[in-house]
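Taking it in order: structure first as structure tokens, then the write-up.
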Amino acid sequence: MDPAALLSLIVFLPAAGAVLTACAPAAVARWIGLGTVAATFLLTTAALLPAYFEATPDDHGMRLVTDAEWVGSFNIRYTLGVDGISLPLVVLTGLVFLLSAATSWNVSEKPRAYWSLFLLLETGVLGTFLALDLFLFYVLFEVMLLPMYFLIGVWGGPNRAYAAIKFFLYTLAGSLLLLVALLMLYAAGGSGVGASTFDMRLLSDIARGAGTGEYAGVTIDRGTQTLAFWLMLGCFLIKLPAVPFHTWLPDAHVEAPTPVSMILAGVLLKVGGYGILRLAYPLAPLGAAAGAEIVCALGAVSIIYGALAAMAQTDFKRLVAYSSVSHMGYVLLGLGAWTLSEPDFWKMGFSGAIFQMVGHGITSTGMFFAVGVLYDRVHHREINRFGGLLRRMPIYAALGLGMSFAALGLPGLCGFVGEAVTVFAAWPASPWAAAAAAFGIILTAGYMLRMVQRVFLGAEYVGPLRENLSQLSGRETAIFAVLMALAVALGVYPRPVFDVTEPAVGRLVDTLGDAVEADRERNDGETVIAGAAE
Amino acid sequence: MARDWQGVLPDLALSLPAFAPELIVCATIVALLLTRLFGMARWLPAGSVAFGGSALATALACLQWGGAFESPSDGWAGLVRNDALTVYVRVLCLLGWNLTVTLTLLTGVPRPSIDPADDDGPDFHVPLAAVALGSVLMGQANHLLMLFLAVEMASVPAYVLVGFRKGSREAGEAALKYLVFGAGAAGVMMYGASLLAGVTGTLSLPALGERLALIPLEGLEWNEPGVGGAAIAGVVFILCGLAFKLSLVPFHFWTPDAFQGALAEVSGFLSVAPKIGAFALLVRFGLSLHGPFGETGDALLTGLGLACAAGAAVSMTFGNLAAFAQKDLGRLLAYSTVAQSGTMLLGVAACFLGVGRGDGDLAVAGLAGTLLYLTAYLFLNLGAFAAVAIFRNRTLRTDVASLAGLGSKMPWVAGAFAVSLVGLVGLPPTAGFVGKLAVFAAALSDRVGSPLLFAAALIAAANTVASLFYYFRPIRSLYLDAAPEGTSGAPIGPPVTGSERAYLVLLAVPVLLILPLLGRLGALCDAIAEAVL
């Protein structure tokens, strides 16, 4: 297959499946749905990985680039590409959707609509990770919203309408911030001879004053960059989510059905971190340089606040939801680790953030799955009314214990690597934030171990519907085991992820450093000229 | 004054072909009036006549595409302008008319009757056609007199249409309110036109810019006695009259009552065609202030642009806030119209500001954005009101709560309604997003040069988020809420017919499939904007 067409196929195969599902009889909907998701997973792994390593990167580190004219009058192009920052997330997306589809196997209410929306959601997520044109990125970013609204709103829990619209309102507010920023940058890019452009690669060059060809000499002034950075950061902080923009998340997670929670925590939150790395930093480096410390601080606040909030929960799913807020704080911590003098730490921070996204993608998917298994059987999630599951459901409890340890960051499991690397990296940039984050690991252990004790250990469960507490089915065991195996594998041998991310992160850090340097030189030059004039 | 009779025949020869679609509309109106005679209604119902006439007029208007770009001309001794914008407005308004007539045939409004004395068909379709005619004329008025006539042509029949539901107190009250408001606005606009005519000594829009250049810029103050103050007052008063047609705050008060009282089919048409015409008219009027050597005209135009930006911000905010509390679908969509007008006005404001300070790119981007938005808006609003009309025929209600659980009972209508609402929010990949994007891109392009416009665009962005809340209340009722107790199994009203479905699909398809076509459409709007500027 033409390697360039591969990315388009990955993005639009689920959408084609969505159309097919909507037209097919209800009885076969889940077969088409699962089949499409499995095919997409194979494309993102068996086809994409070899193609990625064979391809040579372009000037901007992008591989397998597809580029075509789309809307001439706005200079919008259809551009897809993949690099070391997006590749891990694309693979993670394929995997989480596959596991989530397997979890959705028994959805009986309106199956056609469910699977259509599910597949449409996958198109949105994959497209967001692969788009290189800002317009395309924005469209696909928004395509995620509507399916999610309906997936929560129609198949969710008792308070689903509230949770769905809250999710939608928060995320749309973020999207509009993003839209305003993108249009500002779009206009600024056209201030010279060249036409305004939505191309991320061109705009990032222009933003650091390194435009070539007809964009040579075009710059984006500091004021525009600062405003655009905060607007974009606002969008992605909502998506991530970071305190104080996180309040949509517990509601959405608790009301969403289990497979949707798995996707939401496993993949959708990562769009926030990815957006900061792909858009907010490269397109507005001067604004970012000034704001990085605050990013770091917000990360620390999220870690501590999320952990404290998780400690106070008695609902299993809410606890896991708040733990997501806390764990995504490490992503932010790593992303905020701007150390101009020590680029190695800086790179480590970005790589660690990406690894933490992957690691959290696995552990949070696993934790939400664990909650879902229990809720399916006994229809409640009260931590204090469980107990003794180790005896009733030994396989489930063993995997659940392992997953909890992975989530709390036990060395040797995947949660540890991301947390440790981001905390190390943040130390030179902001020792206080790093110290707070390290303390957060203890808080995490606190709520996780309490949960473990109340749910898996202790006296036998005597709550309602105890007769339903049957062993895991083969399907459930397989899903859980895959996640656990990955948690162990990445914890023991995280190298593959870092190998992929490091070149891309190195490139990004170098360009960001150049941008700040160039700006400093410009300012110095102006000062000298001003001094000479006096 | 001596009349140059020599020029009349060539002028006629030039004006008539360009005016063919309007003549068809006039002929349709006459034919509609004649159907009552000689018992013709028995074998040729008014609806069919209107459908035939509207289809023919739309087809003729479409055939004019290329010509208007190549050779724009004045018609009827300079009363009307025949250029790309004219044709654009003509096609959209006549298409809107045709779609509305089709909808009335599908929903059986007004109720057909075998007894000719009892048949309301002509009474309904004549004013409908007249509104279409007025809207089309608004798009080409090139003369202050024509401006007034066109606005009245679109307004007076609309009063009748709003009050069409006989015996309904709601409709009667709405029509009265609309009439009183309209009469006031018309008076104010007439006064404004007379002031401008007095100041400049001309009624012709193309001559306005040159004449305004004769007023010294220093004289252009509110409190300055004489021509400067009168010119400002003239512009402001005409803006008031147009703002009434565009239902911009604070001239919107008629909108919710009229749209609630009128039939959904009528509301849909009134929310689209006259608005498209009025936007074109506003653009024509504003651009006429700009002339060669026209510092004064440009100052007036910049002022008008700023007023539009401010008016846009106020309209969106107020329209959205007022829509939050609405329980009736007609009222909800009416306030949505107010807000949408505000967003579209943002593009016009960018256009005026761009022309005012000689920034051609901004002007083209702003006008093209508004045109793109209007195209999307035609399908979005007609689709939304059509869905309301079809729901009404089944549930006999038009409140939001009546939609509960209909998502699975009437999936096609519900789906079409949802598509329209999502489009009105402006979410991709619908047409509404494209319009919003184009307008925002223009308004946000210059943060330093026009801070008020930039601020208005930020307010527009915030309003988009706010509007989600009320646009999604019907969607929530349709899909998330359960059907009321006891009715879950029972079918509601007669089943939705295939032609109704086809009609809704016809309106939803352009909304959903705009992205692949965006290249052509964007280029077209750019070309029109460049031609007009």
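One table, with the values for the structure above:
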item: Output for the range A:380-396, where each listed residue is within 15 Å of A:Gly366 (Cα to Cα) and buried (at least 20 other Cβ atoms within 10 Å of the Cβ); result: A:Tyr396
item: Matching residues in the range A:175-198 - criterion: being more than 30 Å from A:Tyr149 (Cβ to Cβ), of a type outside the set (A, V, I, L, M, F, W, C) and not in a loop (DSSP other than H, G, I, E, B); result: A:Gly189
item: So A:Ala68, is it modelled with pLDDT of 90 or more, surrounded by fewer than 24 Cβ atoms within 10 Å (Cβ to Cβ) and within 12 Å of chain B (Cβ to nearest Cβ); result: yes
item: Test for B:Phe440: is it of a type outside the set (Gly, Ala, Ser), within 12 Å of chain A (Cβ to nearest Cβ) and over 26 Å from A:Gly156 (Cβ atoms); result: yes
item: Selection within the range A:47-65 - aromatic (Phe, Trp, Tyr) and either surrounded by fewer than 19 Cβ atoms within 10 Å (Cβ to Cβ) or out of contact with any helix residue (DSSP H, G or I) (no Cβ under 8 Å at 6 or more places or on another chain) (or both); result: A:Phe53
item: Candidate set: the range A:306-343, residues that are touching a helix residue (DSSP H, G or I) at 6+ places or on another chain (Cβ under 7 Å) and hydroxyl-bearing (Ser, Thr, Tyr); chosen: the one surrounded by the most Cβ atoms within 10 Å (Cβ to Cβ); result: A:Tyr330
item: Residues of the range A:429-455 satisfying the condition of being farther than 18 Å from A:Ala407 by Cα and exposed (fewer than 15 other Cβ atoms within 10 Å of the Cβ); result: A:Pro431, A:Trp432, A:Ala435
item: Test: residue in the range A:88-100 that is more than 14 Å from every other protein chain (Cβ to nearest Cβ), outside any strand (DSSP E or B) and touching a strand residue (DSSP E or B) at 6+ places or on another chain (Cβ under 9 Å); result: yes
item: Single condition B:Ala455 does not satisfy, out of (1) more than 9 Å from chain A (Cβ to nearest Cβ); (2) surrounded by 16 or more Cβ atoms within 10 Å (Cβ to Cβ); (3) closer than 30 Å to A:Leu227 by Cα; result: (2)
item: Any chance A:Pro428 is within 29 Å of A:Arg278 (Cα to Cα) and touching a residue at least 60 places away in the same chain (Cβ under 8 Å); result: yes
item: Spans of helices (runs of 4 or more DSSP H) in the range A:383-435 with at least 2 residues closer than 19 Å to A:Phe498 by Cα and modelled with pLDDT of 90 or more; result: A:414-429
item: Residue check, A:Glu342 in contact with a Pro (Cβ under 8 Å, 6 or more places away or on another chain) and touching a residue at least 40 places away in the same chain (Cβ under 8 Å); result: yes
item: Boolean, B:Leu518 is surrounded by 19 or more Cβ atoms within 10 Å (Cβ to Cβ) and facing another protein chain (nearest Cβ under 8 Å); result: yes
item: Flag for B:Ser420 being at the interface with chain A (Cβ under 9 Å from one of its Cβ atoms) and polar (S, T, N, Q); result: no
item: Breaking point among (1) touching a residue at least 12 places away in the same chain (Cβ under 8 Å); (2) over 25 Å from the mean Cα position of the chain (by Cα), for B:Arg397; result: (1)
item: Qualifying position, being among the hydrophobic types (A, V, I, L, M, F, W, C), assigned to a loop (DSSP other than H, G, I, E, B) and touching a Gly at 6+ places or on another chain (Cβ under 9 Å), among A:Val500, A:Val462; result: A:Val462
item: Residue satisfying condition, being of a type in the set (A, V, I, L, M), surrounded by fewer than 19 Cβ atoms within 10 Å (Cβ to Cβ), away from chain A (no Cβ under 14 Å) and within 23 Å of B:Phe379 (Cβ to Cβ), within set B:Ala508, B:Ala502, B:Ala523, B:Ala531; result: B:Ala502
item: Tally of residues being at the interface with chain B (Cβ under 10 Å from one of its Cβ atoms) and outside any helix (DSSP H, G or I) across the range A:123-174; result: 1
item: Wholly enclosed helices (runs of 4 or more DSSP H) of the range B:253-366 bearing at least 2 residues among the acidic types (Asp, Glu) and modelled with pLDDT under 95; result: B:295-324
item: Test set (1) of a type outside the set (Phe, Trp, Tyr); (2) over 24 Å from B:Leu382 (Cα atoms); (3) surrounded by fewer than 22 Cβ atoms within 10 Å (Cβ to Cβ) - B:Ala41 fails condition number; result: (3)
item: Residue match in the range B:198-219 (condition: in contact with a Phe, Trp or Tyr (Cβ under 6 Å, 6 or more places away or on another chain), of a type outside the set (S, T, N, Q) and part of a helix (DSSP H, G or I)); result: no
item: In the range B:463-482, the residues that are of a type in the set (A, V, I, L, M) and either facing another protein chain (nearest Cβ under 7 Å) or surrounded by 18 or more Cβ atoms within 10 Å (Cβ to Cβ) (or both); result: B:Val465, B:Ala466, B:Leu468, B:Ile475, B:Leu478, B:Leu480
item: Among the residues listed as A:Thr40, A:Thr44, the single one being in a helix (DSSP H, G or I), in contact with a Phe, Trp or Tyr (Cβ under 8 Å, 6 or more places away or on another chain), of a type in the set (Ser, Thr, Tyr) and buried (at least 21 other Cβ atoms within 10 Å of the Cβ); result: A:Thr40
item: Members of the range A:198-230 found to be in contact (Cβ under 8 Å) with a residue 40 or more places away in the chain, within 14 Å of chain B (Cβ to nearest Cβ) and surrounded by fewer than 24 Cβ atoms within 10 Å (Cβ to Cβ), listed by number; result: A:Arg222, A:Thr224, A:Thr226, A:Leu227, A:Trp230
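The values are calculated or read from the model by the stated rules, or taken from the named source; none is laboratory data. None of the values given here were measured: they were computed from a predicted structure. Virtual Cβ from ideal backbone geometry, glycine too; neighbours counted across all protein chains shown.
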